[in-house]
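Notes follow once the structure below has been shown.
The values are calculated or read from the model by the stated rules, or taken from the named source; none is laboratory data. Here the structure is a predicted model, which is why all the values come from computation and not from measurement. Cβ coordinates were reconstructed from backbone atoms using ideal geometry, including for glycine residues, and neighbour counts include every protein chain displayed. What goes into the accessible areas is simple: the full protein's heavy atoms, side chains included, and nothing from ligands, DNA or RNA. Shrake-Rupley method; radii C 1.70, N 1.55, O 1.52, S 1.80 Å.
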Amino acid sequence: MKTCTKCGCEKPVTEFHKCAATRDGLHRWCKACAASNGNKWRGSNSERKKANDAKWRTANIERKKASDAARYAANRKKERARLAKWSVDNPEKMRASREKWNAANPDRNRESKAAWQAANPEARRIGAHNRRARKRANGGRLSPDLTTRLFKLQRGKCSCCHASLDDGNHLDHVIPVALGGPNEDWNMQLLCIPCNLSKGAKHPIEFMQQRGFLL
């Protein structure tokens, strides 16, 4: 047991921080008193605290990285949720931070993008359609799992010629974006590659008439 010199209470030694400067190797104040005093000081010296923290981070870059990595690893789910919430609450800061990191790490940024695109080909394809629709201001946004749902709905067959889509397929706007078609799930179909290249930006009625399916 040890008596805190601030509050005068006798407490177990586990309630005291270690301190090499004292004879018993423990701080004179208990943890509760030390925390209360620290909070009071920080409240009265917020700018000084920020300056001290910034100075310490600059002088201990590697130590800070190791500390952050260890804390993140120990609280992975909690940290991911916190970062996700912060990103939603601070979109401009998040965008600026991402742009700053990308500019400072161009090689890592390219490698990261290439790895993600290789691992997520369908998401990449959906994203390309969404970007094209945004540029044309057609409105709408495709669901991430759209290709999988269409493949199942069409039973793995091309909407036009009914050939198997197993050897490759294209995600097609039934009414082309170039003709004002919306970028919505209901306006999408899967075509085999030859049919999609042949259809291009044609209206579906015109295309099917050329193929002899409509009079």
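So the values come out like this:
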read-out	value
Residue in the stretch 90-108 that is more than 24 Å from residue 57 (Cβ to Cβ), among the aromatic types (Phe, Trp, Tyr) and either loosely packed, with under 11 Cβ neighbours inside 10 Å or out of contact with any Lys or Arg (no Cβ under 6 Å at 6 or more places or on another chain) (or both) present	no
Any hit, the stretch 160-182, residues being at pLDDT below 90, among the charged types (D, E, K, R) and open to solvent by less than 70 Å² (accessible area, probe 1.4 Å)	no
Residue that is over 28 Å from residue 79 (Cα atoms) and in contact with a helix residue (DSSP H, G or I) (Cβ under 6 Å, 6 or more places away or on another chain), where the choices are 64, 6, 18	6
Failed item, numbered, when residue 120 is tested on (1) loosely packed, with under 10 Cβ neighbours inside 10 Å; (2) within 30 Å of residue 149 (Cα to Cα)	(1)
Test: residue in the stretch 62-70 that is surrounded by 11 or more Cβ atoms within 10 Å (Cβ to Cβ) and closer than 30 Å to residue 11 by Cβ	yes
Leading residue by the ranking (least open to solvent (accessible area, probe 1.4 Å)) among those in the stretch 15-48 that are touching a residue at least 24 places away in the same chain (Cβ under 8 Å) and not in a helix (DSSP H, G or I)	30
